[in-house]
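To start, the structure under review is shown below, and the notes come after it.
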Amino acid sequence: MCRYSAPPGCMRTKPPERPKLGPLTPAIDAILEADKTAPPKRRHTAKRIFERLRDELGFAGGYTVVKDYERLP
């Protein structure tokens, strides 16, 4: 007999690896933390965060990776 009435679905055992974004996550976290105190019109969008990473830090990854990380709780 199963423990669940419905299958629980796929569950990750560890967080996904981000080979290109991994070293830059502290920079993204700092931007998002600074945005918490900024007025709503002055906050960074995912696109603007991506542009800053690309221009200032030489990020070679894609926009979707940054967008997905920015949306995490």
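Table: residues versus (1) modelled with pLDDT of 95 or more; (2) within 16 Å of ARG71 (Cβ to Cβ); (3) part of a helix (DSSP H, G or I).
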position	(1), (2), (3)
PRO8	no, no, no
THR13	no, no, no
GLU17	no, no, no
ALA30	yes, no, yes
LYS47	yes, yes, yes
PHE50	yes, yes, yes
### Flag if THR45 is within 19 Å of PRO16 (Cα to Cα) and free of Cβ contacts under 8 Å to residues at least 12 places away in the same chain
no
### Task
Looking only at the range 53-60, decide whether some residue is of a type in the set (Asp, Glu), modelled with pLDDT under 95 and assigned to a helix (DSSP H, G or I).
no
### Query
Within the range 57-66, can one find any residue that is touching a residue at least 40 places away in the same chain (Cβ under 8 Å) and either of a type outside the set (A, V, I, L, M) or at positive phi (or both)?
yes
### Query
In the list THR25, THR64, which residue meets the criterion of being of a type in the set (S, T, N, Q), outside any loop (DSSP other than H, G, I, E, B), under 14 Å from the mean Cα position of the chain (by Cα) and surrounded by 11 or more Cβ atoms within 10 Å (Cβ to Cβ)?
THR25
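The values are calculated or read from the model by the stated rules, or taken from the named source; none is laboratory data. Note that the structure is a prediction, hence the values are computed from the model and not measured. Positions of Cβ are backbone-derived with ideal geometry, glycine not excepted, and every protein chain shown enters the neighbour counts.
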